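Report on the structure given below.
The values are calculated or read from the model by the stated rules, or taken from the named source; none is laboratory data. Just so it is clear, the model here is predicted, and its values are computed rather than measured. Cβ atoms come from the backbone with ideal geometry, glycine included; neighbour counts cover every protein chain shown. Ligands, DNA and RNA are stripped out before the accessible areas are found, and what is left, the full protein with its side chains, is counted by its heavy atoms. Shrake-Rupley method; radii C 1.70, N 1.55, O 1.52, S 1.80 Å.
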Amino acid sequence: MKQLKNSSTEEKIKTAARKLFMQKGYVATKTRDIAKEADINLALLNYYFRSKEKLFQIIMMEHLQFFKQGIVPVINDKNTSLEEKFESFISSYIDLLIQQPDIPLFILNEIRNNPDQFMKIGLRDELAKSYFMKQLNKVLQSKSKSIEPFHVMVSMMGLTVFPFIVSPMLKNVGKINQLQFNALMEERKTLIPKWMNAIIQSK
């Protein structure tokens, strides 16, 4: 009789894999390491998840799904202005990064070391086809000297994500603790949309 899968064992494996992927990256993490961290044998890990690639995709999709649930409705809302979308997008993104501060550095490492694997589960299509991008293109094309949307997206992502990537340095230089750092990131929820609006309104 076929063994039924146990949800608690499955979650234990994912918890172990999530920890190791964040610490070591996809390439350096071996299935035997995950099995050891989860305190199970390798055969049981293979029973629940056919491969390391499959396990990685499941874990990253869970992270991205959490993000998508807050972001996709925002960028496709036809009843809000571009300025309101900047505010909602940035606020949701900062909330995610405060809750999971290791994600930016992990993603950067995966993009560098394993770009093909990571691009399979990205948000590229959702953003490219969003109502937000239509609004952004319309505003930029109305300027006498048009700005490529690429510059706007890079600026928005850089202003939002960069402080989290270099947070140890910023906390050391600024002599602030984690709570103070988080408070500064909360302030950026208001500041970054203002900076983005200034960029798109410039001529």
Discussion item. List the residue pairs whose Cβ atoms are under 6 Å apart, where the first residue sits in the range 5-33 and is open to solvent by less than 70 Å² (accessible area, probe 1.4 Å), the second is among the β-branched types (Val, Ile, Thr) and part of a loop (DSSP other than H, G, I, E, B), and the two are 6 or more positions apart or on different chains.
Written reply: Leu20/Thr29; Phe21/Thr29
Worksheet entry | Residue among Lys52, Lys19, Lys68 that is charged (D, E, K, R) and more than 22 Å from Tyr93 (Cα to Cα) | Lys52
Worksheet entry | Subset of the range 142-156 (residues that are open to solvent by 60 Å² or more (accessible area, probe 1.4 Å) and closer than 20 Å to Glu84 by Cβ) | Ser142
Practice prompt. With the condition kept exactly as written, say whether any residue in the range 94-104 is farther than 22 Å from Trp195 by Cα, at pLDDT 80 or above and open to solvent by 50 Å² or more (accessible area, probe 1.4 Å).
Written response: yes
Discussion item. Suppose we filter the range 40-57 for residues that are touching a residue at least 12 places away in the same chain (Cβ under 8 Å) and either among the charged types (D, E, K, R) or touching a Leu at 6+ places or on another chain (Cβ under 6 Å) (or both); how many remain?
Written reply: 3
Worksheet, complete the sentence: By residue number, the members of the range 160-180 that are open to solvent by less than 50 Å² (accessible area, probe 1.4 Å) and aromatic (Phe, Trp, Tyr) are Phe164
Discussion item. Going by what's in this entry, would Glu62 be described as at pLDDT below 90 and over 22 Å from Leu97 (Cβ atoms)?
Written reply: no
